[in-house]
Amino acid sequence: MSTRVTISRGALMEIRRRIELAERGKEILEMRRDQLIGEAFRLAREVEERRRLEERLALIMRRAQLAYLLVGPREFRSYSQLVEPPKVRIVSKSLLGVIVPRIMELERPEVSRLSNPALRRLAEELWDVIGEFIRLAAKEAALELLCEEIGYLNRIVNSLERRLIPELMEEAHYIKLMLEERSIEEFIRVKKLRDRLRERSWLSRFT
Amino acid sequence: MAIEIYLAVKARALKLKLLPAEAYEAMLRAPTFKECTELLSKYGYVIRDPSLEGVECAALEHMLSLVDKMIIGVDGPPGELLRAYSFGRVELELVRDALRSLAGGARYRPPRCSALATLKVGPRLLSTFKDLWSAVATLVELGYRTLGRAFEYYEEVGSVAVLEMGAEADYYARCWRLADSLLMSREVKRMVMLDSASRWLYWLAVLKFEGIGREILSTLSKCMMPGLPRHVVAYGVESPLEELSSVARAVHRELGEAFTRGFESGFLVLEAELLRALWLNATRILRLRPIDLSYALACVLALYFEAKNVYRVLSAKIAGIPEETVREALQLL
């Protein structure tokens, strides 16, 4: 035990207060961690739809490739110039205290001017899938940030649980022992002093 | 008549230069773009630039040079018709592309291809247009009259399809005028008619789908199909499917079948089916080998389809599109 520890009742009370604070903090952090884990599981279930989306995208891409070949690459490019690009905005939102990105679709791509109905439909379907992919990407980013936060909380809880609280408890135990030892010494000293005083008073009677 | 026989004989020599089916198969199986171009070089294609633009230029150059060789020294109406039909087709593609780009608010960037410099409305002119209005004004001066009327409708309804149909109507009206005025054989007129009818059917389906009104449809249809009897073009606009199929029957049995098969699977398939019907007619003429201009026209059409297919296969190789998809596209066509 460190020799720098102040052995006093005040120090013991201070350490006990710190232990109480650390334990309360640990409990709160554990609760927050559990909440985050629950949220992460919910997001993980939603992210599982990536496989289905990828299959859907593969199908649409195959149709797009077919359209590219049927219409011709140059024509495909000139058709694409009739499409107004979509507008999206990336904003930050707090999810259980973790700042995660959120992608808002402000405007869908304007495909109504496409003079080929097949390409128009294809563009709409393609945007539906890409829009879902964008939302999925935001969820994946949120999941990643949540996992980072959970990892960070885990490290704090572990350090509280395995290092700070045991050290403080050990310190408190040491101070308590030292204080008890001191009080015993004090008691003995007082007793000795009392005996000596008694002895003195007894001797003075005979002199 | 002597000129027509001369052209038919020249067209037969040209037909021998067409890519055989095995060449397509070999191109599809070729693992790399380089092997593909090496294979094509045996058939007279010179591909210097391995980009999309370079490939397109090479295909168009090959087609236009062969057509040029066929009509060289042929003065008069038959040569004019062949020129209008082949060169006009390429020109129409560029004009439609330019209209789409300008309607989208972008300047048109045409392919830089020396073979296209001979076109009346070539890439050089098209690249100078700053906006749709100036483009249409210039094109009207150059003979695209229906496009001018279509532009008025475009301003009214805002559909680019109307503009594209207007430009196509001008092309087919020009071809029909030449075919009709020269006392061409029935087969020649039938061929031009079938071509314009297939495109007319396509645009009819597209514009009806977009909810374009009866007046606009009738006006553009009359310009696009001047050879058809009036009662066929003057249809009602009550039930699109019934009318379209009845018109399809009136135009051609093959087109009718193609249309009914294609409508369910979408407009791309409809377009492909209509092109296939046109191709079937061309191959029938190539098989019958008549000694008139229809044979030369069928050859030109075959060359055009070949150039487009070569461009498709090579661009698929550049884009890394799987062989099965390219095969499916070629089968559809």
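The values are calculated or read from the model by the stated rules, or taken from the named source; none is laboratory data. All of these numbers come straight from a predicted model, not from anything done at the bench. Reconstructed Cβ throughout: ideal geometry from the backbone, glycine too, with neighbour counts over all protein chains shown. Remember, those area values only see protein heavy atoms, side chains included, never the ligands or the DNA or RNA. Shrake-Rupley method; radii C 1.70, N 1.55, O 1.52, S 1.80 Å.
Would you work out what percent of the accessible area of chain B, with all protein chains in place, is carbon or sulfur (probe 1.4 Å)?
54
Build a GNM of chain A with springs between Cα atoms under 10 Å apart, and of A:PHE133, A:PHE76, A:PHE187 the one that fluctuates most is A:PHE187.
Structural size metrics of segment B:2-332, computed from C-alpha coordinates, are Rg and Dmax of 19.6, 54 Å.
Can you flag which of B:LYS15/B:LYS120; A:LYS26/A:LYS139; A:LYS26/A:LYS176; B:LYS10/B:LYS120; B:LYS34/B:LYS317 are past 20 Å Cα-Cα? List each step's numbers first, then the result.
Details: B:LYS15/B:LYS120 26 Å; A:LYS26/A:LYS139 28 Å; A:LYS26/A:LYS176 24 Å; B:LYS10/B:LYS120 25 Å; B:LYS34/B:LYS317 10 Å.
Where the Cα-Cα span goes over 20 Å, the pairs concerned are B:LYS15/B:LYS120; A:LYS26/A:LYS139; A:LYS26/A:LYS176; B:LYS10/B:LYS120.
Residues of segment A:101-125 that bury at least 30 Å² of accessible area when the other protein chains are present, relative to the chain alone (probe 1.4 Å, heavy atoms, ligands and nucleic acids excluded): A:ARG113, A:SER115, A:ASN116, A:PRO117, A:ALA118, A:ARG120. Two decimals is fine: what is log10 I(q)/I(0) at q = 0.16, 0.18 Å⁻¹ for segment B:58-180, from a Debye sum with one equal scatterer on every Cα and no solvent? Each listed q corresponds, in turn, to -0.77, -0.95.
Taking the Cα centre of each part, how many Å lie between segment A:1-52 and segment A:96-113? Cα centroid of segment A:1-52 versus Cα centroid of segment A:96-113: 35 Å apart. Peptide B:103-111 has a mean of 3 when you count, residue by residue, the C-beta atoms of other protein chains within 10 Å of its C-beta. Accessible surface calculations at 1.4 Å, restricted to protein heavy atoms, place chain B at 43 Å² per residue. At q = 0.21 Å⁻¹ the log10 of I(q)/I(0) for segment B:1-68 amounts to -0.92, computed by Debye summation with a single uniform scatterer per C-alpha, solvent ignored.
Left without a cysteine partner by the 4.7 Å Cβ rule in chain B: B:CYS36, B:CYS175, B:CYS223, B:CYS299.
Ignore the peptide's own chain and count Cβ atoms of other chains within 10 Å of each Cβ in B:313-324; give me the average, rounded.
Details: counts 1, 1, 6, 4, 0, 1, 4, 1, 7, 2, 0, 1.
The shielding value for this peptide is 2.
So with the 1.4 Å probe, I'd like the accessible area per residue for segment A:9-197, rounded to whole Å². Spell out each step's value before the answer.
Details: 11980 Å² over 189 residues.
Result: 63 Å² per residue.
Determine the calculated [θ] at 222 nm for chain B from helices alone, applying -39500 (n - 2.57) to every DSSP H run no shorter than 4 residues and normalising by the residue count; nearest 500 deg cm²/dmol. Before the final figure, lay out each step's value.
Details: 17 runs with 251 residues, N = 333.
The helix-only estimate for chain B comes to -24500 deg cm²/dmol at 222 nm.
Stokes-Einstein diffusion coefficient for segment A:115-207 at 25 °C in a medium of 0.890 mPa s, Rh from the Kirkwood formula over Cα pairs: what value in µm²/s? Calculated translational D: 116 µm²/s. The contact between chain B and chain A removes approximately 2800 Å² from the accessible area (both sides summed; 1.4 Å probe; ligands, DNA and RNA excluded).
Entry for the protein assembly as shown at q = 0.06 Å⁻¹: log10 I(q)/I(0) = -0.45, Debye formula applied to identical alpha-carbon scatterers, no solvent contribution.
Using only side-chain charges placed at the Cβ, +1 for Lys and Arg and -1 for Asp and Glu, the dipole size of segment B:2-332 relative to its Cα centre rounds to 820 debye.
So for segment A:9-197, what are the equivalent ellipsoid semi-axes in whole Å, largest first, each being the square root of 5 times an eigenvalue of the Cα gyration tensor?
Working: eigenvalues 1013, 37, 18 Å².
After diagonalising the Cα gyration tensor, the semi-axes are 71, 14, 9 Å.
The fraction of accessible area contributed by carbon and sulfur in segment A:9-197 is 55 percent, rounded to a whole number (1.4 Å probe; ligands and nucleic acids excluded).
For A:LEU43, A:LEU203, the ranking by accessible surface with the largest value first comes to A:LEU203, A:LEU43, using a 1.4 Å probe. As a length-normalised measure over Cα pairs under 8 Å and 6 or more apart, the relative contact order of chain B settles at 22 percent.
Computed from phi, the 3J(HN,Hα) profile of segment A:51-63 under the Karplus parametrisation 6.51, -1.76, 1.60 (θ = phi - 60°) reads 4, 5, 5, 5, 5, 5, 5, 4, 5, 5, 5, 5, 5 Hz, with x in place of Gly and Pro.
When the charge dipole of chain B is built from unit charges on Cβ atoms (+1 for Lys and Arg, -1 for Asp and Glu) and taken about the Cα centre, the candidate among B:TYR6, B:THR325, B:ALA298 whose Cα reaches farthest toward its positive end is B:TYR6. Taking accessible area as the heavy-atom solvent-accessible surface of the protein chains with a 1.4 Å probe, which residues of segment A:43-71 lose no less than 50 Å² upon going from the isolated chain to the full protein assembly? Hits at the 50 Å² cut-off: A:ARG62, A:GLN65, A:LEU66, A:TYR68, A:LEU69, A:LEU70. When only alpha carbons are used to place a centre, segment B:106-181 and segment B:270-333 end up 24 Å from one another.
Kirkwood analysis of the Cα pair distances in segment B:126-224 returns a hydrodynamic radius of 14.1 Å.
How many percent of the alpha carbon pairs in segment A:28-95 exceed a separation of 17 Å? Each step should come with its number before you reach the end.
On the way: 1601 of 2278 pairs.
It works out to 70 percent of all Cα pairs.
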